[in-house]
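Visitor: Just passing along the structure, written as structure tokens.
The values are calculated or read from the model by the stated rules, or taken from the named source; none is laboratory data. Computed from a predicted model, the values in this text were never measured in an experiment. FYI the Cβ positions are ideal-geometry reconstructions off the backbone, even for glycines, and counts take in every protein chain you see.
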Amino acid sequence: MDETLKSVIDHLDLEQLEVNLFRGQSRDAGTRNVFGGQVIGQALVAAERTVEGRAPHSLHAYFLLPGDVAAPIVYQVERIRDGRSFSARRVQAIQHGRPIFSMIASFHLGEPGLDHFAPMPHVPLPESSGDPNGLGERSPSRSEAGGSGVRRSGAIEFRRASLEDRAADREPRQAYWFRSADRVPDDPRLHRWLLAYASDWALSGTALRPHGKTWHDQGMIVASLDHALWFHRSARIDEWLLYSMDSPSAQGARGLSRGSIHDRSGRLVASVAQEALMRDVTLSKG
């Protein structure tokens, strides 16, 4: 297996300290703070390990403090409810005695029902997708999520879904094909955890595009505030998935971004939403 992918999978695994209490190691993704996708993925792992026979269908989380890449993270799970069809778990991620992240996840016992989904956008297939900005094809660190740079080695491979999706284009939307850098074992939980990990990538940067800003720009303070993820249908992370994103609004130093994840056959497999702090200190000085 690709070594970087193996490292991410190893870091998503958690040590059980006690009933409902787990510890995860922080992974240095080349940034000052822990990559948000790592915390989302590890929190989902902790929650899933307290539930049997049910799969997560949604999670809603808040980033409270920056994570320290030099310290482990303790995940405390509260079993809020176990009903006939649904279970709910609250997860607190703790570092240095303080919560840095809080999440509630809901689990559903699978059952038949009505079925429809929004169609996948018409974009070039990943084999014909270009990389017009010279961006690499592997997952970026959190600080690179605005789209101005991509790490050359990573667990997730990303390809722009349109040759017209250039940095000069200031439309509040973008799309990427993505998949893991290597094959992943067949455990569906692992594919969910890696999808949750990848769902934090580039999303908030979508709200910066109309303003010609990136995470790297001097005078910009950008940080994810919350993250919501809905699992609609099963999917393999090692097969191409299309992540299409848009930003309906930015105001008051905050920007909202939404994402839809389709598999190659066109099924909608997940939906994502995230609000981010987008503070332009030059405006506040003015």
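Visitor: Six or more apart or on different chains, Cβ atoms under 8 Å: show the pairs whose first residue is in region 1-26 and under 23 Å from Ser180 (Cβ atoms) and surrounded by fewer than 15 Cβ atoms within 10 Å (Cβ to Cβ) and whose second is charged (D, E, K, R) and modelled with pLDDT of 95 or more.
Guide: Met1/Asp182; Met1/Arg183
Visitor: Could you list all residues from region 12-48 that are part of a strand (DSSP E or B) and at pLDDT below 95?
Guide: Answer for region 12-48, where residues must be part of a strand (DSSP E or B) and at pLDDT below 95: just Asn33.
Visitor: Can you report the number of residues in region 102-116 which are crowded, with 16+ Cβ neighbours inside 10 Å and in contact with a His (Cβ under 9 Å, 6 or more places away or on another chain)?
Guide: 5
Visitor: From the set of residues in region 58-110 that are acidic (Asp, Glu) and more than 18 Å from Ala223 (Cα to Cα), which is nearest to the chain's Cα centre (by Cα)?
Guide: Glu78
Visitor: A follow-up question, please. Go through Phe63, Phe86 for me and flag whichever is crowded, with 17+ Cβ neighbours inside 10 Å, of a type outside the set (D, E, K, R), in contact with a strand residue (DSSP E or B) (Cβ under 7 Å, 6 or more places away or on another chain) and modelled with pLDDT of 95 or more.
Guide: Only one candidate passes the filter, namely Phe63.
Visitor: Tell me which of these Ala71 doesn't satisfy, since it passes every other one: (1) surrounded by 14 or more Cβ atoms within 10 Å (Cβ to Cβ); (2) of a type in the set (A, V, I, L, M); (3) at pLDDT 95 or above.
Guide: Here Ala71 meets the rest and fails (1).
Visitor: Oh, and also: Report whether or not Arg90 is basic (Lys, Arg), over 26 Å from Gly113 (Cβ atoms) and assigned to a strand (DSSP E or B).
Guide: When the stated conditions are applied, Arg90 passes them.
Visitor: Let me ask something else about it. Among the residues of region 35-51, write down those that are aliphatic (A, V, I, L, M) and free of Cβ contacts under 8 Å to residues at least 40 places away in the same chain.
Guide: none
Visitor: Cβ contacts < 9 Å: first residue more than 26 Å from Leu5 (Cβ to Cβ), restricted to region 193-216; second residue among the aromatic types (Phe, Trp, Tyr), any location; separation 6+ or different chain. Result?
Guide: Qualifying pairs under 9 Å: Leu208/Trp215.
Visitor: Just to verify a result, which residue in region 95-111, among those that are within 19 Å of Trp230 (Cβ to Cβ) and assigned to a loop (DSSP other than H, G, I, E, B), is modelled with the lowest pLDDT?
Guide: Across region 95-111, the extreme among qualifying residues is Gly110.
Visitor: Looking at (1) at positive phi; (2) free of Cβ contacts under 8 Å to residues at least 24 places away in the same chain, which is the one condition that is false for His96?
Guide: Failing condition for His96: (2).
Visitor: Which is closer than 21 Å to Ala223 by Cα and modelled with pLDDT under 95, of Glu144, Glu164, Glu137?
Guide: The unique qualifying residue is Glu144.
Visitor: Suppose the filter is at pLDDT below 95 and either basic (Lys, Arg) or over 21 Å from Ser271 (Cβ atoms) (or both); does Glu171 pass it?
Guide: Spelling it out, it is not the case that Glu171 is at pLDDT below 95 and either basic (Lys, Arg) or over 21 Å from Ser271 (Cβ atoms) (or both).
Visitor: Which one is modelled with the highest pLDDT among residues in region 196-240 that are of a type in the set (Val, Ile, Thr) and within 14 Å of the chain's Cα centre (by Cα)?
Guide: Here the answer is Ile237.
Visitor: Sticking with this one: Restrict the check to region 32-47 and report whether at least one residue is over 27 Å from Leu256 (Cβ atoms), surrounded by fewer than 23 Cβ atoms within 10 Å (Cβ to Cβ) and of a type outside the set (Val, Ile, Thr).
Guide: no
Visitor: Which of the residues belonging to region 49-76 are part of a strand (DSSP E or B) and within 16 Å of Ala196 (Cβ to Cβ)?
Guide: Ala55, Pro56, His57, Ser58, Leu59, His60, Ala61, Tyr62, Phe63, Ile73, Tyr75
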